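The structure under discussion appears below in the form of structure tokens.
The values are calculated or read from the model by the stated rules, or taken from the named source; none is laboratory data. Please read all numbers here as calculations on a predicted model, not as lab measurements. All Cβ positions, glycine included, derive from the backbone under ideal geometry; neighbour counts span all protein chains shown. Side chains are part of the model used for accessible areas, which takes the heavy atoms of the whole protein and leaves out ligands, DNA and RNA. Shrake-Rupley method; radii C 1.70, N 1.55, O 1.52, S 1.80 Å.
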Amino acid sequence: MCLAAATASSPARCLSPSSAALPRRFLRGLLGAPPGPGPASARPSPPLLRRCFPFHRMAQYWAQASLDKNKALVDYLKQYGAIRTDKVAEVMETIDRGLFVPEGSPYIDSPMPIGFNATISAPHMHATCLELLKDHLQPGMHALDVGSGSGYLTACFAMMVGPEGRAVGIEHIPELVASAIENVKKSAAAPLLKDGSLSFHVADGRLGFPDAAPYDAIHVGAAAPEIPQPLLDQLKPGGRMVIPVGTYLQDLQVVDKNADGSISVRNDTSVRYVPLTSRSAQLQDP
């Protein structure tokens, strides 16, 4: 959860016009006849479908507007070099960020609060991490998202590794796990959640999630003072971890485990993330 770069209700009875199986008399009541002559007070009220359809059209407009804004965000990230490959552009277009931000403006390049002293990272940081991990998010691979928060990046991982792979999000705030699941249910990744290839769990991120290890890709969304050994142990030989390391001064580190089990580490960029800490410490007032 990165802090900055350097971190109407319509009636319940509304039905779709495709309800062809309903009795014809009921459908005639829904569709109604054209208004006849006479004073307006004597005319029947508009039929049910005619009254509901504007709300249906508005819902379609809102959904399309959201998708258009998400695509505009992706285009912006491509223009400024955060997104460099079609693979990352495609997954960030597919997973609508607006579904994962409870309030605020999801389509600006800024972190947003999601409650419980947690944030969803700025879009350029998501793009950066996806670009760094994309070769380790091939179909069939396993990915771990530590500090999964809103569930956005975990959903991106799941789309990239596909139903034959496994994407796991862990978060030590149960309420965030529950909201992440609800967010994903509204997204393009919903079928992967249903079939079990995408899952969320309440767990201490510093300990990883051994049940689905080893992982080809590990992303850590909070800054650790040093790389936790359990995460190194759960990284597959040939795998890669992206993790912010440091306290006040932090670097986004790229950690590669070589085939012989040795570790190579390089700094990618300076960042500012919330700390990788205990649940009780995170819930304290900042």
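The residues neighbouring residue 171, those whose beta-carbon lies less than 13 Å from its own, together hold a net charge of -1 under the Lys/Arg +1, Asp/Glu -1 convention.
Rolling a 1.4 angstrom probe over segment 107-167 with all protein chains present gives an accessible area of which 58% lies on carbon and sulfur atoms. The H on the amide N of residue 218, modeled in the peptide plane, is under 5 Å from the matching H of 144, 240, 241, 242, each at least 5 residues off or on a different chain.
Given charges of +1 on the Cβ of Lys and Arg and -1 on the Cβ of Asp and Glu, with all other atoms neutral, how large is the dipole of segment 125-283 about its Cα centre, in debye to the nearest 20? Write down the numbers at each step before the final one.
Numbers: 12 positive and 17 negative charges, 46 e Å.
The calculation lands at about 220 debye.
For segment 66-219, what class follows from the C-alpha gyration tensor (a ≥ b ≥ c being the square roots of its eigenvalues): rounded when a/c is under 1.5, otherwise prolate if a/b is larger than b/c, else oblate? Show your work: numbers first, answer last.
Numbers: a/c = 1.58, a/b = 1.20, b/c = 1.32.
It comes out oblate by the Cα gyration axes.
Length gained on full extension, residue 185 to residue 256, computed as 0.36 nm times the residue gap minus the Cα-Cα distance: 22.3 nm. Residues whose amide H comes within less than 5 Å of that of residue 200, counting only those at least five positions distant or on another chain, are 169 (H built at 1.01 Å from N in the peptide plane).
Ranked by the mean number of other Cβ atoms within 10 Å per residue, highest first, peptides 210-219, 231-240 order as 210-219, 231-240. Taking the centroid of alpha carbons for each part, segment 142-167 and segment 190-223 are 7 Å apart. Residues whose amide H falls under 5 Å from that of residue 96, counting only those 5 or more places apart or on a different chain, are 188, with hydrogens built in the peptide plane.
What the phi angles of segment 112-127 give under the Karplus curve with 6.51, -1.76 and 1.60, with θ = phi - 60°, is a coupling list of 9, x, 10, x, 6, 6, 10, 9, 9, 4, 4, x, 5, 6, 4, 4 Hz, glycine and proline written as x.
Taking θ as phi - 60° and the Karplus parameters 6.51, -1.76 and 1.60, the scalar couplings of segment 136-142 work out to 10, 10, 7, x, x, 7, 10 Hz in sequence order, x denoting glycine and proline.
Label segment 125-283 by shape, choosing from rounded, prolate and oblate, from the square roots a ≥ b ≥ c of the eigenvalues of the Cα gyration tensor; if a/c is under 1.5 it is rounded, and otherwise prolate applies when a/b is larger than b/c, oblate when it is not. Taking the square roots of the gyration eigenvalues as a ≥ b ≥ c, segment 125-283 is oblate.
With point charges of +1 on the Cβ of Lys and Arg and -1 on the Cβ of Asp and Glu, referenced to the Cα centre of segment 125-283, which listed residue (219, 153, 165) lies farthest in the positive direction of the dipole? So the residue furthest toward the plus end is 153.
Shape call for segment 89-156 from the C-alpha gyration tensor, a ≥ b ≥ c root eigenvalues: rounded (a/c under 1.5), prolate (a/b greater than b/c) or oblate? It comes out prolate by the Cα gyration axes.
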